[in-house]
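Heads up: the structure comes next, in structure tokens.
The values are calculated or read from the model by the stated rules, or taken from the named source; none is laboratory data. Here the structure is a predicted model, which is why all the values come from computation and not from measurement. Only protein heavy atoms, including side chains, enter the accessible area calculation; ligands, DNA and RNA are left aside. Shrake-Rupley method; radii C 1.70, N 1.55, O 1.52, S 1.80 Å.
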Amino acid sequence: MSDSDSFIEEVTEEVRRDRLFALMRRYGWIPILLVILIVGGTAWREYTKAAQITQAQTFGDAILNALEADAPEDRVTALEAVQADTPGGAAILRLLTASEAGSSGDDAAAVAALQAVANDAEVPQIYRQIASYKALTRGTETLSVGDRRSGLEALAIPGQPLRLLAEEQLALLEVETSETEAALARLARIVEDAEATAGLRRRASQLIVALGGTPAGG
């Protein structure tokens, strides 16, 4: 290699280093920022996770403390003082409040609390359906037969998780209104339903016998 070629190569290399240093001075903050964002994002996720765990523990402890009261009325008052930070948490609180109100004999308050959950669009659907089912089965003194029937029929639609339980309650409602043949037919369908549990089939069969019918296979 001639001296001129060596000199040109050295100059070219020097120019490359100068360009590299210039680029680093101009854009070197980008990788540093990326590192900061990655570390900061990880720290924020860990902080958020820890805060959520602490929040859930605090909420659970408050509920347990409220349920330690001796009388149902006192438990209702204590539960009403607990603060929920999520729609799901609020639904759980109202379900517990309804249970305690029912234990104290206040069915109207229990049904009102359950209906509040059932009508809350922010609450997960399964909580709403459970609340509606409980309100309809507890509301014999506060809800009309027509309201109970229409509510249970809505829960008995195929594909709904509480379908068969709602069918059972509809059969009981038909017994209540002296629609014995309709009740027997509905109970027979429950017994033959592949999705029915053993306990539900047993209850339906026993009610068929009590109504003077003969269970399938009997």
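Mind ranking E46, E179, E80 by accessible surface for me, highest first, 1.4 Å probe?
Accessible-area ranking of E46, E179, E80, largest first: E80, E46, E179.
Whenever you get a sec, compute what percent of the accessible area on the stretch 66-105 sits on carbon and sulfur atoms (1.4 Å probe).
48 percent
At 0.36 nm per residue, minus the direct Cα-Cα distance, what do E181 and D147 gain on full extension? Give it in nm, one decimal, please.
10.1 nm
In whole Å, what is the distance between the alpha-carbon centres of the stretch 101-151 and the stretch 160-207?
Going from one Cα centre to the other spans 20 Å.
Once the piece of chain linking K49 and S104 is laid out straight, how much longer is it, given 0.36 nm per residue of separation minus the C-alpha distance between them?
16.0 nm
For the stretch 100-218, count all C-alpha to C-alpha pairs, find those more than 23 Å apart, and express that count as a whole percent of the total.
Counting every Cα pair in the stretch 100-218, those more than 23 Å apart make up 35 percent.
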